[in-house]
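J.: My questions all concern the structure below.
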Amino acid sequence: MAVEKGYVDAAVDPALDLKAEINRLKKEKGAVVMAHYYQPAEIQDIADYIGDSLALARIAAGLKDAKIIVLCGVHFMGETAKVLCPDKKVLIPDLNAGCSLADSCPADRFAEFVAAHPDHTVISYVNTSIGVKALTDVLVTSGNARKIVDTFPKDAKLIFGPDRNLGNYINSVTGRQMLLWDGACHVHEEFSGEKIAQLKEQYPQAKVLVHPECKRPVQLMADVIGSTAVLLRYAVESEEKEFIVATESGIIHQMQKSCPDKKFIPAPPNDSTCGCNDCRYMKLNTMEKLYNCLRFEEPEILVDAELAEKARRPIERMLELS
Ligand code: 13P
């Protein structure tokens, strides 16, 4: 089946019980569905595994029996799974599900940056292409960046790419001056301290949960800064009842599911009157595309074998260190 549009565009009978069909295909084909917390709620609900970027990489690395992995997330997550599981077929419902942050760091320009600082160790965020990973000494996610950076001596010369907000945050909490690549995520850059201050007036008791890809003024308003998994855990364990959530709104589905009696208020993007902040790439994946993807086993994530070999080293180093 052709995937000219980046996904299988086969007609799906509207009367079909998609949930039942997806479950049937998973079983029949020995497939597992992995979903990031930013996926649409119905995809999170049908996934075999759900997690933040770190959890998804860990789970992929440990998968034994599955023949097929359907990565419901964005492209770099599928690439990471493929690098870790070269013998498995890795599928993604829509190949157009890219990442603005990964796109802000083209491998050829990053190679020039690295070459200009030959005495530096290269630390990269997992939100990167396989080409950037291949230029990297150790990868991090938002869930382990601080811990991994702290494994290096205080005076180590470090490059950190591509997210400038996460890099600045790690510099501030570790007292370092890592050289930063000037990249950012289009969703997290949109949050504003001003809008959160307005929400705080409305909900003075609310705790403010912030992803470290947000800008500094937003970070300064946070009660807790962390990866999606850290924010979710905080919401579950906290005695508080109201939370303002400054990250992609998909996470609120798990928060609400885990804590039905608590109130989660999505922080809005700065330039809009709408209530929440969606990643347009994450939300390209739909139940219909997931169904067709399992049905036709396309589109598949394919990686260059030589690059994959180079990219595996920093991913495995991350998994060892975290
Ligand atoms: P985490 O999954 O590490 O929270 O980060 C998600 C992400 O990709 C943010 O853009």
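J.: In whole Å, what are the extents of region 110-220 along the principal axes defined by its C-alpha atoms, from largest to smallest?
T.: Each principal axis gives a Cα extent; for region 110-220 these are 50, 27, 20 Å.
J.: Along the charge dipole of region 122-242, which of GLN177, GLY167, PRO217 sits closest to the positive end, that is, farthest toward it, with unit charges on the beta carbon of Lys, Arg, Asp and Glu (+1, +1, -1, -1)?
T.: GLN177
J.: Also: Could you compute how much accessible surface GLU309 exposes when probed at 1.4 Å, giving the result in Å² to the nearest 10?
T.: Spelled out: GLU309, probe radius 1.4 Å, area about 110 Å².
J.: Pairs to check: LYS19/LYS207; LYS133/LYS241; LYS19/LYS88; LYS133/LYS207. Give those whose C-alpha atoms are more than 30 Å from each other in this structure.
T.: On the way: LYS19/LYS207 35 Å; LYS133/LYS241 40 Å; LYS19/LYS88 24 Å; LYS133/LYS207 35 Å.
Too far apart for the 30 Å limit: LYS19/LYS207; LYS133/LYS241; LYS133/LYS207.
J.: Taking the square root of 5 times each eigenvalue of the Cα gyration tensor, what semi-axes in Å does the equivalent ellipsoid of region 51-100 have, largest first?
T.: Rounded to whole Å, the semi-axes are 17, 12, 8.
J.: Do the sum for the chain: with -39,500 (n - 2.57) for every DSSP H run of n ≥ 4, divided by all residues, what is the mean residue ellipticity at 222 nm, to the nearest 500 deg cm²/dmol? Please list the in-between numbers first.
T.: Numbers: 15 runs with 130 residues, N = 322.
Roughly -11000 deg cm²/dmol at 222 nm, from the helical runs in the chain.
J.: How much of ARG317 can a 1.4 Å solvent probe reach, expressed as accessible area in Å² and rounded to 10?
T.: Estimated to the nearest 10 Å², ARG317 gives 90 Å².
J.: Kindly provide the pair-distance distribution of region 159-272 built from C-alpha pairs, with 10 Å bins from 0 and whole-percent values in order of increasing distance.
T.: Spelled out per bin, shortest first, that is 15, 46, 30, 9, 0.
J.: Let me know the charge dipole size of the chain about its Cα centre in debye, to the nearest 20, where only the beta-carbon of Lys, Arg (+1) and Asp, Glu (-1) is charged.
T.: 660 debye
J.: Under 17 Å Cα to Cα from LYS262, which aspartates and glutamates show up? Leave out anything in the same chain fewer than 8 places away.
T.: Within the straight-line limit of under 17 Å, LYS262 reaches these aspartates and glutamates: ASP223, GLU237, GLU239, GLU240, GLU242.
J.: A further question follows. Take region 73-120, drop everything but the C-alpha atoms, weight them equally and run the Debye formula without solvent; then report log10 I(q)/I(0) at 0.33 Å⁻¹ to two decimals.
T.: Log-scaled intensity ratios, in q order: -1.11.
J.: Let me ask something else. Dipole magnitude of region 159-263 about its Cα centre, charges +1 at Lys/Arg Cβ and -1 at Asp/Glu Cβ only, in debye to the nearest 20?
T.: Result for region 159-263 is approximately 100 debye, rounded to the nearest 20.
J.: Moving on to the next point. Under the definition of Cα pairs under 8 Å and six or more residues apart, what whole-number percent is the relative contact order of the chain?
T.: After rounding, I find 23 percent.
J.: Still on this structure: With a cut-off of 8 Å between alpha carbons and a minimum separation of six or more residues, what is the relative contact order of region 164-322 in percent?
T.: Value for region 164-322: 19 percent.
J.: What order do ASP17, ASP65 take when sorted by accessible area (1.4 Å probe), most exposed first?
T.: ASP65, ASP17
J.: To the nearest 10 square angstrom, how much accessible area does CYS99 have with a 1.4 angstrom probe?
T.: Counting only protein heavy atoms, the figure is 20 Å².
J.: Return the subset of LYS5/LYS82; LYS26/LYS310; LYS64/LYS147 for which the Cα-Cα distance in this structure is over 24 Å, preserving the input order.
T.: LYS26/LYS310; LYS64/LYS147
J.: Step by step: find N for region 127-169, compute 2.2 N^0.38 Å, then divide the Cα radius of gyration by it. What's the final number?
T.: Expressed relative to 2.2 N^0.38 Å, the Cα Rg reads 1.14.
J.: Oh, and also: With just the Cα atoms of the chain, tell me how far they stretch along each of the three principal axes, in Å, largest first.
T.: So the three principal-axis extents are 53, 51, 32 Å.
J.: Here's a follow-up. Using the basic label-point model (7 angstrom from Cα toward the beta carbon), what is the ASP182 to ALA61 distance in nanometres?
T.: Between ASP182 and ALA61, the simple spin-label model gives 3.4 nm.
J.: Take the alpha-carbon positions of region 153-195, form their convex hull, and give its projected area averaged over all directions (one quarter of the hull surface) in nm². The partial results should precede the final answer.
T.: On the way: hull surface 13.7 nm².
So the mean shadow area of the Cα hull is 3.4 nm².
J.: Also, quick follow-up: Please report, in whole Å, how far the alpha carbons of region 74-162 spread along each principal axis, starting with the longest.
T.: Over region 74-162, Cα extents along the principal axes are 44, 26, 23 Å.
J.: Now a separate question. If you put +1 on each Lys and Arg Cβ and -1 on each Asp and Glu Cβ, how big is the dipole of region 201-316 around its Cα centre, in Debye rounded to 20?
T.: Dipole size: approximately 200 debye.
The values are calculated or read from the model by the stated rules, or taken from the named source; none is laboratory data. Quick caveat, the model's predicted, so the values are computed rather than measured. Cβ sites come from the backbone with ideal geometry, for glycine too, and all protein chains shown count toward neighbours. Surface accessibility is based on the protein's heavy atoms, side chains included, excluding ligands, DNA and RNA. Shrake-Rupley method; radii C 1.70, N 1.55, O 1.52, S 1.80 Å.
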